[in-house]
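S.K.: Structure incoming, see below.
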There are 2 protein chains.
Amino acid sequence: MPAVRRSTAPSQPASSAPTRSTSAQASSLSKARQDNAREIAEDYVEAIADLITLTGEARVVDLARTLGVTHVTVSRTITRLQRQGFVRSEPYRSIFLTESGAALARDCKSRHETVTAFLRALGVRRETAERDAEGIEHHVSDETLAAFLKFLHANG
Amino acid sequence: MPAVRRSTAPSQPASSAPTRSTSAQASSLSKARQDNAREIAEDYVEAIADLITLTGEARVVDLARTLGVTHVTVSRTITRLQRQGFVRSEPYRSIFLTESGAALARDCKSRHETVTAFLRALGVRRETAERDAEGIEHHVSDETLAAFLKFLHANG
DNA sequence: ACCCAAATGTAGCCAAGGCTACGAAACCAT
DNA sequence: ATGGTTTCGTAGCCTTGGCTACATTTGGGT
Ligand SMILES: [Mn+2]
Ligand SMILES: [Mn+2]
Ligand SMILES: [Mn+2]
Ligand SMILES: [Mn+2]
């Protein structure tokens, strides 16, 4: 008798179906992948802006402390951010934001604060709101952000 | 005269300050890094569960379409998920969720739906809600999720 | 049975984020 | 000015997510 082969589950035609209805979902999902580097960039420029405001300059060690990574990781990432035009820096000097980088930082900080305030308004504890906002901030579209602001204005 | 050295910005003591106040923030941020693989895992198990429900089985090609990546990427990721105990699969066969994987899938799907419904309730358009939820779902803590649900019940 | 198209796997490449270890530069006191 | 501490850079390693090109296995049709 022929070996049983076939998996142990099926019981339905399967296959051939998913081809069109899923493509919409695919775009939502595939996006989320490559965007990792962009999220990192956002956290960096925001941290750099904060450090400059708070201490006058952004140094590698300070960024490493703020971001919770080693100075090596910061150093290499700064190289990438410079290549992408968000910062400029010279060896052993502190780091500066370019116009583009500063603009991104402003945008990120704004989103960060809106998300945090929104979660707080919903009754989430400060610590949790801060933690969740740190991740959520990178995924709120302008439309959703507007909805958050509208809610805040209505429940101020 | 001694070369000018020093960067072109400062004007403040700088340094030495950020060391304690930043550590809280660091934990929020450092988290967001390594968690990338976990987010991917969540999207995979959720997609696998959906495919099994919809078509009876989850095959590599279907996953590739759903997730918007090539079958090669899916294949390798499945290997990792198997190593981590979320799925089991044999060469050329369809993919199954383990108990652990199924549990994670249920949790993710639940979060996904709650976030989507919440955004919809806030007035965000369906398409935008779907897209944003796909990213936000991975960053919502139990506490925040509870706040979302509370809002939904109050504004059902 | 056989053949071919589709599905899956493999090899090998890249970018990115993380790390440790170690060397070089800068800075601060003495 | 010199030396020690701190900061920064480099080398080299790992993991992961993506890809193309190519090999292999399945499975359906003739
Ligand atoms: Mn963040
Ligand atoms: Mn932030
Ligand atoms: Mn997702
Ligand atoms: Mn999802």
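S.K.: With (1) more than 10 Å from chain B (Cβ to nearest Cβ); (2) closer than 30 Å to B:ARG126 by Cβ; (3) away from DNA strand C (no atom under 16 Å from the Cβ) as the list, and A:THR98 as the residue in question, which single condition is left unmet?
M.R.: Unmet for A:THR98, out of (1) more than 10 Å from chain B (Cβ to nearest Cβ); (2) closer than 30 Å to B:ARG126 by Cβ; (3) away from DNA strand C (no atom under 16 Å from the Cβ): (2).
S.K.: Give me the pairs, please: first residue somewhere in segment B:95-120 and over 12 Å from B:LEU81 (Cα atoms), second residue anywhere and among the acidic types (Asp, Glu) and open to solvent by 40 Å² or more (accessible area, probe 1.4 Å), beta-carbon distance under 8 Å, and either six or more positions apart or on two chains.
M.R.: B:THR116/B:GLU130
S.K.: Does B:VAL140 satisfy the condition of being within 16 Å of ligand 1 (Cβ to nearest atom), within 11 Å of chain A (Cβ to nearest Cβ) and touching a Lys or Arg at 6+ places or on another chain (Cβ under 8 Å)?
M.R.: Judged against the criteria, B:VAL140 is a match.
S.K.: Further, regarding this structure: Please go through segment A:37-59 and give me each residue that is hydroxyl-bearing (Ser, Thr, Tyr) and open to solvent by 20 Å² or more (accessible area, probe 1.4 Å), ordered by number.
M.R.: Of everything in segment A:37-59, just one residue is hydroxyl-bearing (Ser, Thr, Tyr) and open to solvent by 20 Å² or more (accessible area, probe 1.4 Å), namely A:THR53.
S.K.: Please verify whether A:GLY85 is open to solvent by less than 40 Å² (accessible area, probe 1.4 Å), more than 16 Å from ligand 3 (Cβ to nearest atom) and either of a type outside the set (Val, Ile, Thr) or at pLDDT 95 or above (or both), treating the condition exactly as stated.
M.R.: Against the criterion (open to solvent by less than 40 Å² (accessible area, probe 1.4 Å), more than 16 Å from ligand 3 (Cβ to nearest atom) and either of a type outside the set (Val, Ile, Thr) or at pLDDT 95 or above (or both)), A:GLY85 qualifies.
S.K.: Test of understanding: among A:PHE118, A:PHE96, which residue is outside any helix (DSSP H, G or I) and open to solvent by less than 40 Å² (accessible area, probe 1.4 Å)?
M.R.: A:PHE96
S.K.: Considering (1) at pLDDT 95 or above; (2) outside any helix (DSSP H, G or I); (3) facing another protein chain (nearest Cβ under 9 Å), say which one A:ILE52 fails and leave the rest.
M.R.: Only one criterion is unmet by A:ILE52, namely (2).
S.K.: Within segment A:53-75, can one find any residue that is away from ligand 3 (no atom under 16 Å from the Cβ), more than 22 Å from A:GLU127 (Cα to Cα), touching a residue at least 24 places away in the same chain (Cβ under 8 Å) and basic (Lys, Arg)?
M.R.: Looking for residues that are away from ligand 3 (no atom under 16 Å from the Cβ), more than 22 Å from A:GLU127 (Cα to Cα), touching a residue at least 24 places away in the same chain (Cβ under 8 Å) and basic (Lys, Arg), one finds at least one in segment A:53-75, hence yes.
S.K.: Does B:LEU67 satisfy the criteria of being within 13 Å of DNA strand D (Cβ to nearest atom), under 28 Å from B:LEU145 (Cα atoms) and within 14 Å of chain A (Cβ to nearest Cβ)?
M.R.: So B:LEU67 passes the test.
S.K.: Which condition number in (1) crowded, with 22+ Cβ neighbours inside 10 Å; (2) away from chain A (no Cβ under 13 Å) is the one that B:ASP62 fails?
M.R.: Tallying (1) crowded, with 22+ Cβ neighbours inside 10 Å; (2) away from chain A (no Cβ under 13 Å), B:ASP62 fails exactly one: (2).
The values are calculated or read from the model by the stated rules, or taken from the named source; none is laboratory data. Small disclaimer: the values here were computed from a predicted structure and weren't measured. All Cβ positions, glycine included, derive from the backbone under ideal geometry; neighbour counts span all protein chains shown. The accessibility values were calculated without ligands, DNA or RNA, using every heavy atom of the protein model including side chains. Shrake-Rupley method; radii C 1.70, N 1.55, O 1.52, S 1.80 Å.
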